[in-house]
Amino acid sequence: MMITLTVNGERVTRHVEPRRHLIDFLRLDLGLTGSHAGCEHGVCGACTVRVDGEIVRGCLVLAASLDGAEVTTIEGLTDSGEVADLQEAFVARNAAQCGFCTPGMVMAAADILRHHADADRAAIREHLSGNYCRCTGYQAIVDAVAATLSERAIHTPADAGRGDRTQEAGR
Amino acid sequence: MKWPALGYLRASSLDELWRALGDGAQILAGGQTLLATLAFRLSEPGTLVDITRIPELRGITVTGGVLRVGALTRHAELGRDALVARHAPLLTQAVPHIAHPAIRNRGTIGGSLAYADPAAELPACAVALNATLVLARAGGERRIKATEFFTGLLTTALEPGEIIAAVEFPLAGPSQRATILEVARRSGDYAMAGLAAVLDLGADGRIASPRLTFFGVGEGPVLAKNANAALEGRVLDAAAIAAAQAALEGDLDPPADLHGPPAMKRHLCRVLLGRALQSFTPATEQAA
Ligand SMILES: Cc1cc2nc3c(=O)[nH]c(=O)nc-3n(C[C@H](O)[C@H](O)[C@H](O)COP(=O)(O)OP(=O)(O)OC[C@H]3O[C@@H](n4cnc5c(N)ncnc54)[C@H](O)[C@@H]3O)c2cc1C
Ligand code: FES
Ligand code: FES
């Protein structure tokens, strides 16, 4: 069937088989290989992407169901600069080792930056609990998110409000 | 594993849905269980009928003295809804226990109740809160108590061609105490053992209408009849808690599963019961 949707700000129209999940659609049909397919049954979080502004498991969404939807992948998130500071913090703290989990981890962490600016370490861990990392032991990842949050808190006026896209903050 | 070949249809109204439901058609809501089972080839539906854009199945309202939650309400919506927090606070407390944020953004209450996983939170909450399910089919509707809806392991009273349209919860009164506690291996995992506890606590400290409901320890939600009877009318104190824990033995028949033997589950349930009731006692009497 034909679907038309917006991926990283661009309108795309494609024929998809109903059995295609969003991650295969992104990777195989659109060549956007930043989103990873790990377990393909909802457990590992490597496939985390945004659909209509909210993070989802890309492996548990039918591409065919996304006619009219807006999808953002790690490629789009990176290009927008929304999480440049977070990505720098990941590098600085060695929060990515093999990197397999990293795109999903950054998508999930970006959700914390957008919606839970006051998250403490426990809340960060809780929010990332659905994203598995087999390399880092998580400590460095939590460090990177916590550091980015506190940097942004320093650089963002208190009245900027939660959930804003504070692109310039913390740079 | 890749999914089997299948068809996909989106119904945009109930009328369209009734026409689409036929042989080999299966309802797709949030997909957070169904699509995972496709990956295991545990199910091979001919056609998935997507119900997520049917407006009649959406919305959270207070009407006719009940809180009505549309079947398509996603876990994340349930968790942040002000009407839910006010009238059925147990549900608000339950949401953070369900899976992870990305899954809560898509999974629905209707899907959770229809799938009836014995370790799932919302079926137990529906029983604990004495909810009524509104089931719809072509040409009609019927209502059924949650206690009668769950009929066994992953089985419900849903008949072919019938769907969950909404769930109705009685409004919590000021004397209601409710909590949900569970033990899981990792945050977001299905519970090894869990308890949705609801009761009324009078000004005199007496318990009325207790509905302790355990999950993860049976074929479906387990309403602890003996423990509840042991609590009815009693002042909530250490002796009442001990009596309920003793009575609980007769309520549980947990199967051994990959988490451990029945004895371990019984132990966890006793501990959860103690913690839940303790949390309802006045702060000054609480052990930390
Ligand atoms: C990794 C992971 C962890 C999870 N952890 C938990 C957890 O800890 N606790 C928990 O409770 N759940 C958990 N879940 C499941 C999640 O809550 C699901 O969202 C939920 O069980 C099913 O809802 P759904 O809307 O996704 O349903 P779907 O997957 O779309 O459907 C599930 C079943 O219900 C049927 N169905 C759906 N809607 C209706 C309806 N309105 N009427 C009749 N039949 C219907 C479908 O045909 C299908 O058979 C987890 C899932 C994953 C992938
Ligand atoms: S690939 Fe989607 S959760 Fe693992
Ligand atoms: S960096 Fe290797 S899995 Fe996370």
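The values are calculated or read from the model by the stated rules, or taken from the named source; none is laboratory data. Note that the coordinates shown come from a computational prediction; the quantities given were computed from them, not determined experimentally. When we count neighbours, we look across all protein chains shown, and the Cβ atoms used for this are built from the backbone with ideal geometry, even at glycine.
Summary table below
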item	result
Some residue of the stretch A:83-95 being touching a Lys or Arg at 6+ places or on another chain (Cβ under 8 Å), at pLDDT 95 or above and farther than 22 Å from residue B:108 by Cα	yes
Residue tally, condition within 15 Å of the chain's Cα centre (by Cα), aliphatic (A, V, I, L, M) and within 16 Å of ligand 3 (Cβ to nearest atom), over the stretch A:40-79	2
Output for the stretch A:33-68, where each listed residue is of a type outside the set (S, T, N, Q), on the phi < 0 side of the Ramachandran plot and surrounded by fewer than 22 Cβ atoms within 10 Å (Cβ to Cβ)	A:34, A:36, A:37, A:38, A:39, A:41, A:43, A:51, A:54, A:66, A:67
Conditions (1) within 30 Å of residue A:125 (Cβ to Cβ); (2) without any contact (Cβ under 8 Å) to a residue 40 or more places away in the chain; (3) among the β-branched types (Val, Ile, Thr); number of the one not met by residue B:179	(2)
Spans of strands (runs of 3 or more DSSP E) in the stretch B:100-195 with at least 3 residues within 28 Å of residue B:268 (Cα to Cα)	B:150-152, B:176-183
Pairs with Cβ under 7 Å, 6+ apart, first in the stretch A:57-71 and within 7 Å of chain B (Cβ to nearest Cβ), second within 16 Å of ligand 3 (Cβ to nearest atom)	A:57/A:47; A:57/A:48
Filter result for residue B:31 (within 14 Å of another protein chain (Cβ to nearest Cβ), in a loop (DSSP other than H, G, I, E, B), over 23 Å from residue B:181 (Cα atoms) and of a type in the set (Gly, Ala, Ser))	yes
Condition met for residue A:138 (more than 16 Å from ligand 1 (Cβ to nearest atom), of a type in the set (Ser, Thr, Tyr) and either within 23 Å of residue B:186 (Cα to Cα) or at pLDDT below 95 (or both))	yes
Hits in the stretch B:222-242 (condition: more than 23 Å from the chain's Cα centre (by Cα) and crowded, with 16+ Cβ neighbours inside 10 Å)	B:230, B:234, B:236, B:240, B:241
Unmet criterion (only one of (1) of a type outside the set (D, E, K, R); (2) in contact (Cβ under 8 Å) with a residue 12 or more places away in the chain; (3) over 27 Å from residue B:97 (Cβ atoms)) for residue A:108	(3)
Matching residues in the stretch B:142-163 - criterion: being out of contact with any strand residue (DSSP E or B) (no Cβ under 6 Å at 6 or more places or on another chain), closer than 23 Å to residue B:15 by Cβ and either of a type in the set (S, T, N, Q) or modelled with pLDDT of 95 or more (or both)	B:158, B:159
Filter result for the condition that a residue is surrounded by fewer than 23 Cβ atoms within 10 Å (Cβ to Cβ) and away from ligand 2 (no atom under 16 Å from the Cβ), over A:144, A:96	A:96
Considering residues of the stretch B:198-221 that are in contact (Cβ under 8 Å) with a residue 60 or more places away in the chain and not in a loop (DSSP other than H, G, I, E, B) only, the residue nearest to residue B:98 (Cα to Cα)	B:215
Leading residue by the ranking (farthest from the other protein chains (Cβ to nearest Cβ)) among those in the stretch A:14-34 that are among the β-branched types (Val, Ile, Thr) and under 21 Å from residue B:6 (Cα atoms)	A:23
